[in-house]
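So the structure is just underneath, and the comments pick up after that.
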Amino acid sequence: MTYEGVLTKMQTEFANPIQYYLVFDSSFLNMNQLLNKNLEINFVGYQCLNCGKKKKIFRQGFCYDCFYSSPAVGDWIMKPELSTAHLGIQDRDLVYEEKVQLQPHIAYLALSSEVKVGVTRKTQMPTRWIDQGATQAISIVEVPNRYLAGITEVALKNHFADKTNWRKMLQNDVEQIDLIAEKLKVQNWIPAEVQDYFYPEKNDLYEMHFPVLEYPTKIKSLSLDKTPNFQGKLMGIKGQYLIFQDGTVFNIRGSEGYVVKINV
């Protein structure tokens, strides 16, 4: 069968193992059902996720113009400490920024290769950790806005990584670390404005189990710009990556806005 549409990040269901769905406008694929089967991916074109125009994707599924104008990709997305909606100060669109920034956020520790610190909206638990390929995660604090979570992350970057080593994550080269014990270390490291939100006795540890039949020893990253046609046997799904038998990995989220045909 052939499926065609614009790539967006796979939708997930927190189960054992994690369930993955590739959703198009008129169809969807349960990717777990395709494990140990051959897939063919063909690049068709581009479609900006913001304006819908068939323009080359610049970053994060957006064309160049939208990337530098849409409030959905302001600097505060990647750097939460730059959030200003709690002060009533606009970056690109205050109404949008208030909606996103002024809601409960979590600062957390996750284990995807080594322990990393990060920030997410409370509504994105545990989706954010699944997307990162984390095998375990635990919240540090729940705060009322993105700014407070952001300054917590900045403070803890001195002690933990803030990025996932995606190669180690995909090879399942993960350190075995007690996240509950790591959380108890951070109380004296978090900013004074956040201290009242820290509850050491609350240990909501999440564990994620991914549908992987075989982890790669060597990794080759698939770029549809360089390889517009690819065929391979699907051996696993972790984070937002498809893992193929020959060691090729395809980052679905990194290819948002690409129009593809998939034959299964």
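The values are calculated or read from the model by the stated rules, or taken from the named source; none is laboratory data. Owing to the predicted nature of the structure, the values given are computational and were not obtained by experimental measurement. Cβ: placed from backbone, ideal geometry, glycine included. Neighbour counts: every protein chain shown. Heads up: the accessible areas ignore ligands, DNA and RNA and are worked out on the full protein's heavy atoms, side chains in. Shrake-Rupley method; radii C 1.70, N 1.55, O 1.52, S 1.80 Å.
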Calc'd 3J(HN,Hα), region 58-69, phi into Karplus 6.51 cos²θ - 1.76 cosθ + 1.60 (θ = phi - 60°), Hz, glycine/Pro = x, comes to 8, 8, 6, x, 10, 6, 4, 4, 5, 4, 9, 10
So the FRET efficiency between GLU40 and ASP65, C-beta based with R0 = 35 Å and rounded to 0.05, is 0.60
Of all C-alpha pairs within region 190-232, those more than 16 angstrom apart amount in percent to 71
Expressed per residue, the solvent accessible area of region 37-90 in Å² (1.4 Å probe) is about 59
Kirkwood Rh for region 73-159 from C-alpha pairs, in Å, is 13.0
Out of ASN38, ASN188, ASN50, a Gaussian network model of the chain with alpha-carbon springs under 10 Å gives the largest mean-square fluctuation to ASN188
Classified through the alpha carbon gyration tensor (a ≥ b ≥ c as square roots of its eigenvalues; rounded if a/c is under 1.5, else prolate when a/b is larger than b/c, else oblate), the chain comes out oblate
Taking protein heavy atoms only, a 1.4 Å probe, and rounding to whole percent, the accessible area of the chain owed to carbon and sulfur comes out at 47
Using a 1.4 Å probe on heavy atoms of the protein chains only, the accessible area for TRP189 in Å², nearest 10, reads 90
Note to self, the chain gives a 222 nm [θ] from helices alone (DSSP H runs n ≥ 4, -39500 (n - 2.57) apiece, / all residues, nearest 500) of -4000 deg cm²/dmol
The relative contact order of region 112-264, taking Cα pairs under 8 Å that sit 6 or more residues apart, comes to a percentage of 26
Region 111-202: spread of alpha-carbon positions along the three principal axes, whole Å, largest first, is 39, 25, 23
Here the percent of antiparallel bridges among DSSP beta bridges lying wholly in the chain, to the nearest 5, is 95
The answer for region 223-264, accessible area per residue at 1.4 Å probe in Å², is 34
Rounded to whole Å², per residue accessible area for region 105-168 with a 1.4 Å probe reads 33
The whole-number value in µm²/s of the Stokes-Einstein translational diffusion coefficient for region 102-258, with Rh from the Kirkwood sum over alpha carbon pairs at 10 °C and 1.306 mPa s, is 96
Normalised Cα Rg of region 183-260, dividing by 2.2 N^0.38 Å with N its residue count, works out at 1.70
Of all chymotrypsin sites (Phe, Trp or Tyr not before Pro) in region 3-44, the ones in DSSP coil with at most 16 other Cβ atoms within 10 Å are PHE14, PHE24
Output for region 1-74: trypsin sites (Lys or Arg not before Pro) sitting in coil per DSSP, at most 15 other Cβ within 10 Å, listed by number, reads LYS37, LYS53, LYS54, LYS56
Here, SER223 and LYS54, labelled 7 Å along Cα→Cβ, have an inter-label distance in nm of 2.4
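Can you tell me, using C-alpha contacts under 8 Å and at least 6 residues apart, the relative contact order of region 189-244 as a whole percent?
Once divided by the residue count of region 189-244, the mean separation gives 32 percent.
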For ASP162, the accessible surface traced by a 1.4 Å probe with all protein chains present amounts, in square angstrom to the nearest 10, to 50
D (µm²/s, integer) via Stokes-Einstein for region 1-134, Kirkwood Rh across alpha-carbon pairs, 25 °C, 0.890 mPa s: value 141
Shape descriptor, region 1-54: equivalent ellipsoid semi-axes (Cα gyration tensor, sqrt 5λ, whole Å, largest first) stand at 23, 15, 8
With the 8 Å Cα cutoff and a minimum separation of six or more residues, the chain has a relative contact order in percent of 30
For the chain, the longest principal axis of the Cα atoms and the Cα long axis of helix 146-156 enclose an angle in degrees, to the nearest 10, of 90
